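Shown next, in structure tokens, is the structure this report addresses.
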Amino acid sequence: MARSILTALVGAAVMGIGAHAASAATLDDVKAKGFVQCGVNTGLAGFAAPDASGNWSGFDVDYCKAIAAAIFADGTKVKYTPTSAKERFPALQSGEVDVLARNTTWTINRDTALGFNFRPVNYYDGQGFMVRKGLNVKSALELSGAAVCVQTGTTTELNLADYFKANNLQYNPVVFEKLEEVNAAYDAGRCDVYTTDQSGLYSLRLTLSKPDDHMILPEIISKEPLGPAVRQGDDQWFDIVSWVHYALIQAEEFGVTQANIEEMKKSTNPDVQRFLGVEADSKIGTDLGLTNEWAVNIIKAVGNYGEVFDRNIGAGSPLKIERGLNALWSKGGIQYAPPVR
């Protein structure tokens with residue numbers, strides 16, 4: 001009997017601890033310290049990279065700024081934690097970072113076993129291959145026997161093995177932990193092929209000593225839905241991070257930009273009024289735990305999704321990546337925001 005009572009008490013205590021952890025208020029912690037701690041790439045042009053003065057910029061960086069703007073009305077209230085592919089998940093699990101915005105693929109294992117939550121996909125990508133033009137290949141199916149540079153601890157490494165096995169091809173993996181090591185090895189000719197997400201290949205090609213000597217093959221061998229991740233157990237924080245993305249999408253759909261935001265606040269469209277928090281009885285921002293100016297503050301800080309995309313990786317950037325699947329659903333893509341009401 002005593003043992004049964006003790007077991008019950010211990011079980012109740014454990015359940016209490018679990019319940020406390022599950023209800024942890026990340027938003028309160030972020031407000032208390034005065035900034036968002038954002039896990040980003042160690043340096044991937046167009047997505048997340050520091051300049052000579054240590055100022056970060058990029059597509060993922062703008063998401064960090066947007067989250068900060070939604071909370072503090074100030075997109076500069078962010079601190080960046082550069083992480084390798086191997087370091088990123090422990091950094092999020094341990095609480096070292098509040099959110100991971102690091103070109104990370106949403107998979108079932110990461111969504112369950114690793115204890116993370118993904119929802120919005122801010123970039124639909126797929127894995128590809130880059131080769132030297134001198135290799136004289138036009139297709140990935142011609143790569144049997146090649147040495148392939150790949151970063152360990154990624155879905156890229158697993159997809160590579162699956163693709164070559166499925167197509168009865170042989171290859172020699174040249175594996176490194178850090179992105180900079182993979183880049184240097186490929187540039188130095190230690191491998192014939194570089195494989196990663198296709199967006200990353202466009203970015204990395206710009207950093208090579210002779211970018212024009214390299215080409216990206218046409219094959220896309222995987223689905224890589226990229227987006228921010230948070231720890232499980234805090235639905236409010238999950239909602240905030242998710243709706244920051246949806247606000248960027250909705251702003252583009254409404255035609256609300258960084259330049260016209262003040263003018264658009266005068267719109268008579270009730271959907272726009274509700275979205276921008278000027279509707280008299282709007283509670284959308286407060287329901288998130290933010291102010292009703294949350295979307296306005298995001299757009300003032302970084303613009304809408306189209307502006308973020310074009311400035312960092314699209315037509316207005318050195319990468320010149322086309323929108324493709326990342327165009328709005330109304331423009332031939334699949335980027336779509338749930339109703340803001």
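Looking at (1) part of a loop (DSSP other than H, G, I, E, B); (2) closer than 30 Å to GLY306 by Cα, can you tell me which one LYS138 breaks?
The single condition LYS138 does not satisfy is (2).
Could you please find all residues in the range 58-90 being polar (S, T, N, Q) and either within 17 Å of LEU179 (Cβ to Cβ) or touching a strand residue (DSSP E or B) at 6+ places or on another chain (Cβ under 6 Å) (or both)?
Listed by number, the residues that qualify are THR81, THR83, SER84.
Out of the residues in the range 279-299 meeting the condition of being outside any helix (DSSP H, G or I) and not small (Gly, Ala, Ser), tell me which one is most open to solvent (accessible area, probe 1.4 Å).
Per the stated criteria, the residue is LYS283.
With respect to ILE321, determine if the residue is closer than 18 Å to TYR123 by Cβ, open to solvent by 10 Å² or more (accessible area, probe 1.4 Å) and touching a residue at least 24 places away in the same chain (Cβ under 8 Å).
Answer is yes for this residue.
Please report, ordered by residue number, the helices (runs of 4 or more DSSP H) entirely within the range 155-263 with at least 3 residues that are out of contact with any Gly (no Cβ under 9 Å at 6 or more places or on another chain), modelled with pLDDT of 95 or more and open to solvent by less than 50 Å² (accessible area, probe 1.4 Å).
Of the helices (runs of 4 or more DSSP H) lying wholly inside the range 155-263, those with at least 3 residues that are out of contact with any Gly (no Cβ under 9 Å at 6 or more places or on another chain), modelled with pLDDT of 95 or more and open to solvent by less than 50 Å² (accessible area, probe 1.4 Å) span 155-166, 179-187, 235-254.
Which of the residues belonging to the range 45-87 are in contact with a Cys (Cβ under 8 Å, 6 or more places away or on another chain) and surrounded by fewer than 20 Cβ atoms within 10 Å (Cβ to Cβ)?
LYS79, THR81
Considering (1) open to solvent by less than 20 Å² (accessible area, probe 1.4 Å); (2) modelled with pLDDT of 95 or more; (3) of a type outside the set (D, E, K, R), say which one GLN93 fails and leave the rest.
(1)
Is it fair to say VAL302 is crowded, with 19+ Cβ neighbours inside 10 Å, within 11 Å of ILE249 (Cα to Cα) and either among the basic types (Lys, Arg) or in the same structural domain as GLU279 (by TED's automatic domain parsing) (or both)?
No, not satisfied.
Select from the range 325-341 the residues that are out of contact with any helix residue (DSSP H, G or I) (no Cβ under 7 Å at 6 or more places or on another chain) and open to solvent by 100 Å² or more (accessible area, probe 1.4 Å) and list them in ascending order.
The answer is TRP329, LYS331.
Restricting to the range 17-34, name every residue that is at pLDDT 95 or above and open to solvent by 40 Å² or more (accessible area, probe 1.4 Å).
Hits for the range 17-34 are ASP28, ASP29, LYS31, ALA32, LYS33.
The values are calculated or read from the model by the stated rules, or taken from the named source; none is laboratory data. Just so it is clear, the structure is predicted and the values come from calculations on it, not from any experiment. Positions of Cβ are generated from backbone atoms using ideal geometry, with glycine treated the same way; all protein chains shown enter the neighbour counts. All accessible areas refer to the heavy atoms of the entire protein, side chains included, with ligands and DNA or RNA removed. Shrake-Rupley method; radii C 1.70, N 1.55, O 1.52, S 1.80 Å.
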